[in-house]
1. Give the residue that is most open to solvent (accessible area, probe 1.4 Å), with candidates limited to residues of region 226-274 that are among the basic types (Lys, Arg) and touching a Gly at 6+ places or on another chain (Cβ under 9 Å).
2. What are the pairs, 6+ residues apart or on separate chains, where a residue within region 347-368 that is under 23 Å from Arg143 (Cβ atoms) and without any contact (Cβ under 8 Å) to a residue 60 or more places away in the chain has its Cβ under 6 Å from a residue that is crowded, with 18+ Cβ neighbours inside 10 Å and of a type in the set (Asp, Glu)?
3. For region 380-413: of the residues being closer than 27 Å to Phe178 by Cβ and in contact with a Phe, Trp or Tyr (Cβ under 8 Å, 6 or more places away or on another chain), which is surrounded by the most Cβ atoms within 10 Å (Cβ to Cβ)?
4. May I ask you to say which residue of Ala63, Ala57, Ala67 is in contact (Cβ under 8 Å) with a residue 40 or more places away in the chain, closer than 19 Å to Tyr120 by Cβ and within 26 Å of the chain's Cα centre (by Cα)?
5. When region 471-508 is examined, which residues are found to be without any contact (Cβ under 8 Å) to a residue 60 or more places away in the chain and touching a strand residue (DSSP E or B) at 6+ places or on another chain (Cβ under 9 Å)?
6. Restricting to region 203-218, name every residue that is within 23 Å of the chain's Cα centre (by Cα) and part of a helix (DSSP H, G or I).
7. What residue, among those in region 321-349 that are of a type in the set (Phe, Trp, Tyr) and part of a loop (DSSP other than H, G, I, E, B), is farthest from Ala403 (Cα to Cα)?
8. Of everything in region 166-196, what is part of a loop (DSSP other than H, G, I, E, B), touching a strand residue (DSSP E or B) at 6+ places or on another chain (Cβ under 9 Å) and buried (at least 20 other Cβ atoms within 10 Å of the Cβ)? Give them in sequence order.
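The values are calculated or read from the model by the stated rules, or taken from the named source; none is laboratory data. Treat the numbers as computed from the prediction; the structure is a model and nothing was measured. Backbone-built Cβ (ideal geometry, glycine too); neighbour counts: all protein chains shown. Accessible surface areas use protein heavy atoms only, side chains included; no ligands, DNA or RNA. Shrake-Rupley method; radii C 1.70, N 1.55, O 1.52, S 1.80 Å.
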Amino acid sequence: MNETKTRRTFLVETGLAGAALGLPALGRAAPAIITSDASRPVLAQGIQIGDPAGDRAIVWSRADRPARLWVEWDVSPRFGNPRVVRGPHALESSDFTARVDLDELPRDREIFVRASFEGYDGARSEYSHGRFQAAPLFRRGVRFVWSGDTAGQGYGINPQFGGMKIYEAMRQRRPDFFLHSGDTIYADGPIPAELTVEEGKLWQNLVTPETSKVAETLDEFRGRYRYNLLDENVRRFNAEVAQLWQWDDHEVTNNWSASKDLSANANYSEKNVALLTARGTRAFLDYAPLRPHDAQESERVYRHIPYGCLLDVFVIDMRSYRAANGENLEATPGGAATFLGQEQLSWLKRGLRESRAVWKVIAADMPIGLQVADGTNLAGQPVWEAIANGDAGPAAGRELEIADLLRFIKRHRIQNTVWLTADVHYCAAHHYAPERAAFRDFEPFWEFVGGPLNAGSFGPNKLDDTFGPEVVFQKFPPTANASPYAGFQFFGQVDIDERTAALTVQLVDLNGTTVFTQELEPRR
């Protein structure tokens with residue numbers, strides 16, 4: 001059976017044919033919010049595929065009651081010879097979420113999966129279907145997309161707009177996987193029923209009790225993830241595109257660090273940021289389709305995803321190990337200047353040095369050279385949320401870790417590193433070069449910025465010249481906090497050519513229109 005027929009058969013059998021055949025957006029079928037009689041479990045949120053690496057991939061789902069997850073997979077959509085995997089129990093402790101780590105997958109093949117839950121009375125749910133591309137074993141072209149910032153600034157699921165339709169635009173590109181660069185939810189941003197936006201337009205949201213206020217309880221944090229999974233574009237995307245998730249601040253609260261103080265914030269009755277962080281972390285790990293690390297550090301988010309001989313992805317964590325946000329001008333590394341932390345930084349250096357892939361993508365949840373402020377301190381001095389400190393001079397504060405990493409990459413002759421990020425709610429292409437920089441001990445490199453996915457649009461941020469960034473391209477709204485109606489929602493697409501290994505980056509808007517393209521030739 002040829003690939004086209006195989007894919008069409010799968011789409012028809014699972015109700016996804018409308019999307020593949022180009023029907024109007026509001027008429028497309030999607031993985032439904034499955035309803036059933038009360039006698040058997042229900043998979044209300046569909047399935048998610050995550051962390052495709054080597055011959056493995058995660059399959060995630062959620063039941064509506066205590067039950068056991070079962071996953072079947074096959075290389076045919078007809079499931080003529082499926083492998084059946086008994087998954088874990090889905091209980092209240094995980095909000096009834098569960099995942100299995102499939103292994104021994106045939107490489108370079110399209111894998112078809114179906115998940116179900118078995119209740120403790122023996123009743124079985126209906127299947128939820130999905131498909132994904134297994135990681136390559138031999139050299140082949142690779143395509144993936146990335147972006148960040150989902151349901152921020154009160155812009156949730158607007159049925160009149162078509163929902164979170166940028167997810168459908170990404171799905172139409174048929175990527176091997178999707179890199180979510182953080183802010184997977186906005187736990188600190190209530191989603192109202194209506195917002196008046198540019199030109200007096202009305203933005204109307206679906207709302208739930210958990211989105212009516214800032215998230216404080218564990219159930220309210222989890223409810224933000226359940227909310228995003230109400231969107232049919234998101235569920236369809238999750239069923240067809242494997243994902244790599246990282247996180248940033250809004251999974252807990254805006255710009256959180258050890259210096260975050262909510263004592264004067266009337267929106268919060270729970271003022272303990274450490275407790276909110278614990279609850280936000282638990283909810284993220286319950287709902288993210290990522291592979292748990294190990295018992296030594298079960299909450300670790302940074303990880304390496306090998307994807308064939310052309311690509312290694314290093315997903316880093318710029319949130320968990322940072323010192324308190326401050327003036328960011330320390331003269332020596334460590335202590336108050338800590339950002340990635342020494343253990344993560346050593347892991348990244350080691351991984352880059354050992355990588356044999358042509359391209360090494362560093363997936364960062366925050367940009368390097370863009371200034372991201374976090375107000376001022378009691379002395380009136382600027383406080384910084386990201387790496388840059390507004391001082392164009394030699395590296396200081398958190399910049400010292402980045403300088404150390406860039407120096408290491410140069411001295412060990414590590415070629416073809418590319419940084420991908422989001423966070424700032426507009427798209428951009430930055431080129432960093434030592435001849436423009438105050439710190440010069442590094443090789444030139446590129447950083448590309450995507451986002452937002454479904455949130456307010458902002459920009460542009462000011463650049464910090466310490467590492468010599470140059471804006472090659474940027475696109476942003478004329479006014480701050482533009483709604484998705486304005487069209488300034490973006491994702492990035494990366495294509496690596498099978499023959500030449502050239503890497504091409506496109507920045508794409510929510511309608512699927514490419515607004516910028518940059519091709520990079522590999523250095524040998």
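1. Filtering first and then ranking leaves Arg235.
2. Ser355/Asp312; Ala357/Asp312; Lys360/Asp312
3. My answer is Ile387.
4. Ala63
5. Selection gives Val471, Val472, Phe473, Gln474, Lys475, Phe476, Pro477, Ala480, Gly487, Ala502, Thr504, Gln506.
6. Glu210, Thr211, Leu218
7. Tyr321
8. Residues satisfying the conditions are Pro175, Asp176, Ser181, Gly182, Asp183, Thr184, Ile185, Tyr186.
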